[in-house]
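Here's the structure, in structure tokens; my notes come after.
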Amino acid sequence: MDAIAIVEKLNYYYPEGKGERQVLFDINLSIFPGEVIILTGESGSGKTTLLTLIGCLRSMREGSLKIFGEELLNASEKKRMTLRRRIGYIFQHFNLFEFMTVGQNVQSSLVHEKMLPAQARQQTQDLLTAVGLGDRLNSYPRELSGGQKQRVAISRALVHEPKLILADEPTAALDSETGRDVVNLIRNLAKDKGSAVLIVTHDRRILDIADRIVRIEDGKLITAYREEMTLALPTIEDQYFKQLEGKYQTKDFDPGEIVIDEGDDADTFYVIVEGIFEAVKIVPDSPPKLLRQMHKNEYFGEIGLLTPGSKRTATVRVSEDAPGKAIAIDRETFASLVKDSELTYAAVSHQLRKRLTDPEMGENDPNV
Amino acid sequence: MFKKVPLAWLQLTREKSRLLIALAGISFADILMFMQLGFRDSLFDASVLMHQQMEGDIFLVSPQSTALIAMKSFPERRLFQSLAVEGVESIAPVYIGLGLWRNPDERNTRSILVIGTDPVDRIFDFPGLEEEDYDRLKLEDTVLFDRNSRPEFGPVAEWFDAGRDVETEIDGRRIEVGGTFELGATFGADGNLIVSELNFLRIFAGRDRGLIDIGVVQLEPGTAVEPVLAAMRENLPDDVWYFSKEEFVNWEKNYWQSSTAIGFIFALGAGMGFVVGIVIVYQILYTDVADHLPEYATLKAMGYTDRYLLGVVFQEAIILAFVGYLPGLGICMVLYNMTAAATSLPVFMTVGRATTVFILTVVMCFVSGAVAVRKLSAADPADIF
Ligand SMILES: Nc1ncnc2c1ncn2[C@@H]1O[C@H](COP(=O)(O)OP(=O)(O)O)[C@@H](O)[C@H]1O
Ligand SMILES: [Mg+2]
């Protein structure tokens, strides 16, 4: 599957005073068709800059950036402009054209498409109906609520069926419930059309719609530990992350690689970020018996840690099909996390209980 | 709803109050131009009213004459000679002089244009000039007074209409008003008098009989003017100019247009209207672009070309030109009528002037548009997030 966007070794500088300041450092990121990626990070970390670069809105001069297979390094303004017609943009403040009706706003994306007016109208009408605004075609943006405006903006960004959709803080101007509806809508429409979506946000409540979360810190792209853990342990609170800072690391595993061996000392807790992990029982003289499969945002290794001095009761390995990635937390850190946070403990117990009551796997569930 | 969204129109009509200001501004500029050009043309028209209302096909003037108020006389013999040319029916000499008229009421004097003619020729078509006026002209020291002369000459027409004898003097000679006609003041003369040839020579004692200022030639009915003119130029001495009526009119107009600052002054006035218009339209378009900068940037982000957006601003300019011009034109027609009524100047709308001002309006809006679009480059699609 060809990537829609491939960013490699990208550096970016803004002019500052007489010199310049680097704001993006050695960025590597690929976006695949149909994928929903959330890009998160502190304000000022460079999210928007990266988004505008991928969106062909800025010229770049260091590294490589390919959109739809076209290299953007030193690309002409004209080339970037043409590429932009194949991208959909969604903005924090909607950026609707106030002087146009809802229908005209959406249709403004179709100007560059080779299609008959009737077809353009139909496509506009259909999409607006799909976002629940089929009856507001002739309204003006000022007559709409924030959520409705963003729906119009989404329709405008999607009506020409772009293969890449970029959204910068699309929920920041909306209340949390509306925000959720809006990102769900983006996700569903994009999935229908097989479009890739890159959403910049620091709204924690919408992280779960992502297929993948990446984080920028001070201009460097890193795995979004914190966000991944939030998803795995929804009840964990911000203050505990502060204690965790620097005490966890990501580990990459090859397909089939063993993560935990049965009988080892239990000393690490894992949260899955990518890939499929399998808990297996090694039975002598026969193939290993698969106990359960674990996916993104699930975790393992906690039970051994809750009971001091215990050994691993099962083997965990990465599935043969794809590499895996997990966040690893050592015993001490895990203990402090659990001790300090009743809620986390509750969450862990909850997952544990769920596993134990699973009718199929219950009795075999290993105390990993 | 169209596939192509009419951006320019939508942008303009969104801000109703701004659009109104724009239209008021453009109308104002147009009215200024219309009035200046209208006054200029009407003044030029007025300066040739006499030429146009002289019954003649060919006019002889001295090459040293520059305008009605600066005539150099030439021998009447030339006029007689033209009788020999085939097609000529009759001739009439005209004397022109500037005399000092004493206001019969306030007794001060003022320069007035005196036209000397043989009463039997009856070559003037001025309104209010009747047969019996010509007859009275034959009387000694009797003049006809132009009732459209400036009021500074005194309440001559009122007194005359009231049946009073109006007696006063020109260049110190006692005269009596024997009738009135309507011609009107021009740049060169604040008022006009018609006198007989004989009386003219009595008033201007220094002028010689036989040295005339204009020779009027009438052709036999149905004779084409051009061949006769050509024959005159060919066969008659070239120490006088032979003009068709149109040439005669243009010769006078041309003097006022090119040899005086009058044309320039009015052109300047119209030019100011033009500049005012440019500034207003520029302001409107600039503010419009500046206010919609995020929207223009969004359009750029969506892959709209600069050319497309320039086109939008120019379309706005052209739309403004159209809708601003029409009310300007309408208001001006009304103002022309009011001016004509108040000043007895021949002010009226002509197709030529309406076209000129319309083209100027389009140019005006276009220039403003061209300056305003430079602001478009400030719309950076990278800044919209
Ligand atoms: N146009 C610009 N010129 C100069 N510096 C900029 C510009 N835009 C952003 N920056 C700086 O670059 C850094 C990254 O900004 P940005 O990409 O907007 O961050 P984020 O979207 O994550 O808040 C910040 O320090 C910001 O001040
Ligand atoms: Mg930002």
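Structure values in brief
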| item | result |
| --- | --- |
| Which listed residue, of A:R58, A:R80, is open to solvent by 10 Å² or more (accessible area, probe 1.4 Å), within 16 Å of ligand 1 (Cβ to nearest atom) and within 14 Å of another protein chain (Cβ to nearest Cβ) | A:R58 |
| Some residue of segment A:102-124 being open to solvent by 10 Å² or more (accessible area, probe 1.4 Å), more than 8 Å from chain B (Cβ to nearest Cβ) and touching a residue at least 60 places away in the same chain (Cβ under 8 Å) | no |
| Checklist (1) without any contact (Cβ under 8 Å) to a residue 40 or more places away in the chain; (2) outside the structural domain of B:T186 (by TED's automatic domain parsing) applied to B:W256, failing item | (1) |
| Those residues of segment B:158-183 which are open to solvent by less than 10 Å² (accessible area, probe 1.4 Å) and within 23 Å of B:L43 (Cα to Cα), in sequence order | B:F181 |
| Top-ranked residue of segment A:43-55 - restricted to ones that are farther than 19 Å from A:G194 by Cα and among the hydrophobic types (A, V, I, L, M, F, W, C), ranked as farthest from ligand 1 (Cβ to nearest atom) | A:L53 |
| Of the criteria (1) assigned to a strand (DSSP E or B); (2) of a type outside the set (G, A, S); (3) modelled with pLDDT of 95 or more, which one B:F200 fails | (1) |
| Candidate set: segment A:149-206, residues that are within 16 Å of ligand 1 (Cβ to nearest atom) and not in a loop (DSSP other than H, G, I, E, B); chosen: the one nearest to the other protein chains (Cβ to nearest Cβ) | A:D168 |
| Close pairs (8 angstrom Cβ cut-off, 6 or more residues apart or separate chains): on the phi > 0 side of the Ramachandran plot and surrounded by 16 or more Cβ atoms within 10 Å (Cβ to Cβ) in segment A:125-140, of a type in the set (S, T, N, Q) and at pLDDT below 95 anywhere | none |
| Meets criteria (within 14 Å of chain B (Cβ to nearest Cβ), within 23 Å of A:D218 (Cβ to Cβ), free of Cβ contacts under 8 Å to residues at least 24 places away in the same chain and within 12 Å of ligand 1 (Cβ to nearest atom)) for A:G17 | no |
| Test: residue in segment B:66-75 that is more than 14 Å from chain A (Cβ to nearest Cβ), open to solvent by 50 Å² or more (accessible area, probe 1.4 Å), of a type in the set (A, V, I, L, M) and under 30 Å from A:N138 (Cα atoms) | no |
| Selection count, segment B:38-57, where residues are outside any helix (DSSP H, G or I) and within 14 Å of B:Y336 (Cβ to Cβ) | 0 |
| Conditions (1) within 17 Å of A:L164 (Cβ to Cβ); (2) within 14 Å of another protein chain (Cβ to nearest Cβ); (3) more than 13 Å from ligand 2 (Cβ to nearest atom); number of the one not met by A:K47 | (3) |
| Qualifying residue in segment A:32-42 (condition: touching a strand residue (DSSP E or B) at 6+ places or on another chain (Cβ under 8 Å), open to solvent by 60 Å² or more (accessible area, probe 1.4 Å) and within 16 Å of ligand 1 (Cβ to nearest atom)) | yes |
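The values are calculated or read from the model by the stated rules, or taken from the named source; none is laboratory data. For clarity, every value in this text was computed on a predicted model and none was experimentally measured. Every residue, glycine as well, gets a Cβ built from its backbone with ideal geometry; the counts of neighbours run over all protein chains shown. Just so you know, the surface numbers come from the protein's heavy atoms only, side chains and all, with ligands and any DNA or RNA stripped out. Shrake-Rupley method; radii C 1.70, N 1.55, O 1.52, S 1.80 Å.
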